[in-house]
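Data first, discussion second: the structure below is written as C-alpha cells.
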Amino acid sequence: MTLKTREIYSPSFDAQRRKNNKIKFLIFHYTGMKNEKEAIKRLSKIQSGVGTNYFIKRSGEIVIMVPDSYTAWHAGISRWEKYKFLNKHSIGVEISNPGHRFGYLSFPKKQINSLIKLSRILIKKYKIKKKYILGHSDVAPDRKMDPGEKFPWKILYKNEIGIWHNLKNVKLSSIRKKTTSIKEVNLFMKNLSKFGYPRKSIIVKNKRKYKKLLVKAFQRRFRAELIDGKIDQECLLILNDLLSKKA
C-alpha cells in the first residue's frame, strides 16, 4: 500500500536516529488549534517545542513532519504500562481538529480513511501491537483530552487498529449509572493499571482528583456516552471485556 503525502518538516525532534525495534506505540492526537494553518505553523516552529511524525488534514491529506526514524516531541510527560516518556518509543499522529477549546468537531470520513491507511502501514512495518495503539489522553490522563470522545475508535477497531469491546449497546445502557461497591471500585482501579493506564500522576498530587481524571480518560475512550468520572457497572463490564482480549 502506498500513500500520497507531502512534507512540511518540524524542528521538534531528537537528532539521534532510533532503531525500528524501539518503536512500540502509535499515539493519536488532535491538534486543538483554531485552524489547520495555525496548527501546522506551530508544529513547524522551532520555539514551540512540539512536533509530530504525521499530520492529517481534514481533507485527508497526510503531511510528514518528522521521519519515523527520529523521535518527535508529541507525547510529553506520558506513561503506559512500564514505559515512561513515550516519545522515544512511539510514532505520533496529529489529526486536525479544533478540539474542546475551539468547538470540537466530528472527524470527517476522508480524514479517518487516511488515518486507517497510514496506521495499517505503520503497524505492519513496526509490528505494533493492538494494545499499544493509544490516544494522548490514555498516556497523559492528568493533562490531556485528545483525541476526544468523538474519535471513532470503534471504526478503527473494525479495521484491525487498536482494541474495543464486543458488548451489546442494549446491555451496556441497561447498567449505565448503576452503582458499584467499594470492593468493585478498588478492583476497577487495579484493573485500569493492569490494562496500562498510569497508576500515579507526576502532575496532579491530589489522589481523588487524579482518580476522576483517570476514569474520565477511560470513559472518553471506551464509553463516550457518559463522561462523568464515576465508576458504574457499565465501566466495570467494559474493562473486564477489554482485559480478556488484551494482547
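In table form, for the structure just shown:
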{"quantity": "Number of positions in the range 193-238 that are within 27 Å of residue 173 (Cβ to Cβ), within 17 Å of the chain's Cα centre (by Cα) and surrounded by 17 or more Cβ atoms within 10 Å (Cβ to Cβ)", "calculated": "15"}
{"quantity": "Output for the range 123-137, where each listed residue is in a helix (DSSP H, G or I) and out of contact with any Ser or Thr (no Cβ under 9 Å at 6 or more places or on another chain)", "calculated": "123, 124, 125, 126, 130, 131, 137"}
{"quantity": "Single match in 188, 222 (criterion: within 17 Å of residue 153 (Cα to Cα) and aromatic (Phe, Trp, Tyr))", "calculated": "222"}
{"quantity": "Every pair of residues 6+ apart whose Cβ atoms lie under 9 Å, when the first sits in the range 111-137 and is under 28 Å from residue 194 (Cβ atoms) and not assigned by TED's automatic domain parsing to the domain that holds residue 218 while the second is assigned to a helix (DSSP H, G or I) and of a type in the set (Phe, Trp, Tyr)", "calculated": "130/157; 131/195; 135/153"}
{"quantity": "Selected residue (only one of 2, 52 is modelled with pLDDT under 95, among the polar types (S, T, N, Q) and part of a loop (DSSP other than H, G, I, E, B))", "calculated": "2"}
{"quantity": "Single unsatisfied condition, residue 199 versus (1) in contact with a helix residue (DSSP H, G or I) (Cβ under 8 Å, 6 or more places away or on another chain); (2) assigned to a helix (DSSP H, G or I); (3) not hydroxyl-bearing (Ser, Thr, Tyr)", "calculated": "(2)"}
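The values are calculated or read from the model by the stated rules, or taken from the named source; none is laboratory data. Remember, it's a predicted structure, so these values are computed and weren't measured experimentally. Virtual Cβ from ideal backbone geometry, glycine too; neighbours counted across all protein chains shown.
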